[in-house]
Each structure stands twice: as structure tokens, then as C-alpha cells.
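The values are calculated or read from the model by the stated rules, or taken from the named source; none is laboratory data. Everything quoted here is computed from the prediction, not taken from an experiment. Because the Cβ atoms are built from the backbone with ideal geometry, glycine has one as well, and the counts that use them run over all protein chains shown. The area values use the complete protein model at the heavy-atom level, side chains included, leaving out ligands, DNA and RNA. Shrake-Rupley method; radii C 1.70, N 1.55, O 1.52, S 1.80 Å.
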Amino acid sequence: MSNKTKPLIVILVAVVVAAGLAVYWSRQSSASGAGANASIEANAGGGHIKGKESAPVTLVEFGDYQCPACGSYYPIVEELLRRYPDKVKLEFHHYPLVQMHPYALPAAKDAEAAADQGKFWEMHDLIYKNQPLWSRSPNPEVQFLAYAADLGLDANKFMQAMKSPDIEKRILEDIQRGSTAKVAFTPTFIVNGRLLDPSPTGVDEFAVAVGAVPPASK
């Protein structure tokens, strides 16, 4: 491949990614109205995995970093993983609802930029733990850069990654997985192709829902 063709390919990739995101954004209004009765057709696959590979249960989450409900569920999911490390692992996918949450896409890019330096879950945790701070900021990227510094990331590589079409492509692929699974709200949780709707309200309910513990006898 010649040096002259490389910039052209990068531009074409960026155009394709931007077009895909534009289609997704244009459909969000109708998708968000699909309601809680939307069916889930398949497991997602391809997301970021947290937990032991040998854990028999995979809890798939489609999340939006600026979504208050996602922020509320974050500590519940973390506690579930802490209690049942041999039984449950988490598979996380981005599903930024940008019409409602304008900073959700930059936050997803932030997490993926950290992933390029092996710190996805560390950034994921910081984003959710600090959601009330950066989500109300006029310029959340200042906070994201501070989190990158806290994690010891290379600042130049991080900023370049934030603007990379490769990262937008990853996020778009997650969005497409969510669309295939008929995700209509965040957070959406799926276990073995089964939508948890309504989502469990606490760790104990989650443990029963994912089969980590048997339901209490009546």
C-alpha cells in the first residue's frame, strides 16, 4: 500500500463510521419508544469482559455512561461480580443515547481510548463513579483527561485515540449489536439470550435472575 493511499483509506473509514452513527442517531427516537416489551434475539458477544473466563454465566450489559439509571446499577453489578466471581462474568457494550445524553459518546470514546492502553475497566469504573461530576460539566473532556492522568496513561496517545475512527468504529459495532438484539433502553441486561425486564432491583434479585443462587422457596 502506498503512502498516498493510506490517508484516503483513513478518510473513507471515518466517513463510513460517521454515516453509521448518523443513521443510529436518527433512529433513536423511534427505538426509545419501543418500550420494555422489546424481545432479545441473541447474545451480543464481542464486548469487554470482566471476571473469570471460566464463570458459566455471562451477564451482558448495554450501557450509556451518562445514563443515571446505568450509574445506579453500576455498584449493584460490581457487588454481584464480587460475591459470585466463580459463577458470573460481565460483558459490557456501549449504547450511548446521544439525543438524551450528549456526553455519552465522548465518555464511551474515553473508555475505549483507555482500553488501547490496557485500562478499559479502570476508566469504566472512574467514569461511573464520577458520573455526577463530569456529566454536569460544560467540558467533560477535561475530566476525562484528568482520569487518564490518574491512571498513568500516555496523554498524547490517549488524545489521539479519542479522535481515532477506529474507536468510533468499535462503538458503532456495539450499537449495531444492540440494534440486532432490539435494545430499547439502558441499561439493558441479557443472560443467555434472555432479557432481564424489569431489571433486578438489587444484588440478591440479580443473583437469582442470573442463576447464581436458586430462588427462595415460597
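Some points to look at:
- Computed E for Leu145/Asn192 - FRET, C-beta separation, R0 45 angstrom, nearest 0.05: 0.70
- Gain upon complete extension [Asn156, Lys182; 0.36 nm per residue less C-alpha separation]: 5.6 nm
- For Asp204 and Ile49, the difference between the fully extended length at 0.36 nm per residue and the C-alpha to C-alpha distance is 53.6 nm.
- Checking the Cα-Cα distances for Lys50/Lys87; Lys129/Lys182; Lys89/Lys169; Lys50/Lys163; Lys87/Lys109 against a 19 Å cut-off, the pairs over it are Lys129/Lys182; Lys89/Lys169; Lys50/Lys163; Lys87/Lys109.
- Surface share of carbon and sulfur [accessible, 1.4 angstrom probe, percent] for segment 153-206: 48 percent
- Distant-in-sequence amide contacts of Arg194, defined by a placed amide H-H separation under 5 Å and a gap of 5 or more residues or a different chain, comprise nothing.
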